[in-house]
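Here the structure comes first, spelled out in structure tokens, and everything after it is commentary.
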Amino acid sequence: MSIEIPEDKAEDKHDQQKSSLAAATLYLVATPIGNLADITRRAVYVLSRVDFIAAEDTRHSQRLLAHLGINTKLQAYHEHNEERVTGRLLDELQAGKSIALISDAGTPLISDPGYRLVSQAHDRGISISPVPGVCAAITALSAAGLATDAFTFEGFPPAKQGARLQFLEQLAAQRRTMIFYISCHRIVETLKDMRAVFGENRRVTYARELTKTFETIKRLPLADLINWVESDDNQRKGEIVLVVEGRLEVAAENVLVDQYLKILLAELPVKQSVQLVVKMTGEHKNDVYKRALELKADS
Ligand code: SAM
């Protein structure tokens with residue numbers, strides 16, 4: 001890994017860059033997700049030097065800027081005016097202005113506005129410079145204790161249960177770790193839908209209020225996590241990321257499926273045993289049914 005260290009011996013290394021903030025550039029600046037100390041020095045530098053800052057909620061961002069002693073002008077840029085304002089921002093960039101895009105918290109564009117702006121900036125050949133920092137998804141993943149070699153970001157599941165179940169069912173066979181943003185108002189119902197689709201043993205890391213006073217990080221199988229969240233009102237408040245373990249390797253799952261089937265088939269009819277094992281493991285019904293028949297034939 002290489003890190004660029006300015007050769008300049010200036011005490012404040014940022015001085016060296018003061019003259020180098022590029023004009024006609026769209027900066028995508030990450031801001032903290034709770035702990036204001038998580039702002040980067042480069043973010044402060046860019047935010048205080050650009051011609052103006054496009055922000056999701058100007059009143060909210062004004063508080064951050066005041067805290068940082070920055071008085072750069074703000075321009076509202078959110079999902080309701082995105083279509084109208086994008087063209088104007090692009091024109092300003094092409095006229096030589098430098099603009100920073102920020103969202104209320106974390107990295108812009110990650111479940112936040114900005115995609116249209118960045119995409120069209122590419123179309124118009126405008127230079128784009130990311131100023132990286134915090135992102136709740138990656139922050140949660142780093143602490144989740146689940147596989148990090150391959151993962152997917154799934155954003156917010158749909159609010160309505162029918163659509164949510166369909167959305168989750170499409171992920172039932174996903175082997176990669178999955179990251180979800182969840183509204184605290186829907187945490188229990190979402191966990192229950194996950195249990196129905198992924199099975200009660202699937203491990204999930206619940207990451208709430210990251211970097212804030214009531215930061216809570218807990219990894220449990222879905223059934224236990226639901227009990228824990230239901231038993232403590234505080235766990236249904238604040239901002240939440242769920243990191244869900246991917247479906248286990250077939251070999252490991254087959255052992256589980258076999259174990260459950262053997263116990264259940266000794267007490268219940270095939271159909272009912274299969275239904276329960278599908279619920280518990282998230283395995284496909286046809287596969288479990290086939291295996292149940294094999295076990296029945298062997299016994
Ligand atoms: N752009 C942001 C980012 O980079 O993470 C995400 C914005 S999205 C509108 C807001 C969601 O991010 C919240 O509903 C929650 O799921 C997650 N989130 C943001 N801050 C968080 C925090 N401090 N702790 C846990 N989750 C957080």
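At a glance:
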| read-out | value |
| --- | --- |
| Equivalent ellipsoid, the chain (semi-axes from 5 times Cα gyration tensor eigenvalues, Å) | 47, 19, 18 |
| Spin-label pair residue 21/residue 286, simplified geometry with 7 Å Cα→Cβ offset, distance in nm | 6.0 |
| Contact order normalised by residue count of the chain, Cα under 8 Å, 6+ apart, percent | 16 |
| DSSP beta bridge pairing in the chain, given as percent antiparallel to the nearest 5 | 45 |
| Segment 161-189 versus segment 201-226: alpha-carbon centroid distance in Å | 15 |
| Relative contact order, percent, segment 137-244 [alpha-carbon distance under 8 Å, six or more residues apart] | 33 |
| Neighbour-limited loop hits for GluC sites (Glu not before Pro), segment 51-104 (at most 13 other Cβ within 10 Å; DSSP other than H, G, I, E, B) | 79 |
| 10 Å-binned pair-distance histogram of segment 137-244 (Cα, whole percent) | 15, 54, 29, 2 |
| Where N is the number of residues in segment 76-157, Cα Rg divided by 2.2 N^0.38 Å | 1.29 |
| Stretch gain in nm, segment residue 80-residue 115, where the contour uses 0.36 nm per residue and the Cα spacing is subtracted | 11.2 nm |
| In nm, spacing of pseudo-spin labels at residue 124 and residue 215 (7 Å Cα→C-beta vector) | 3.9 |
| Largest to smallest principal axis extent of the C-alpha atoms in segment 188-299, angstrom | 57, 25, 18 |
| Helix-derived mean residue ellipticity, 222 nm - over the chain, DSSP H n ≥ 4, -39500 (n - 2.57), to 500 | -12500 deg cm²/dmol |
| Loop-exposed trypsin sites (Lys or Arg not before Pro) per DSSP, neighbour cap 14 Cβ within 10 angstrom, longest uninterrupted part of the chain | 10-123 |
| FRET efficiency estimate (nearest 0.05) - Cβ-Cβ, residue 173 to residue 270, R0 22 angstrom | 0.45 |
| Zero-based 5 Å bins, Cα pair distances in segment 7-162, whole percents | 2, 8, 17, 20, 18, 15, 10, 7, 2, 1, 0, 0, 0 |
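Laboratory data are not the source of any read-out in this text; all were calculated from the coordinates shown. Quick caveat: nothing in here was measured; it's all calculated off a predicted structure. Here the Cβ is made from the backbone with ideal geometry for all residues, glycine too, and neighbour counts use every protein chain on show.
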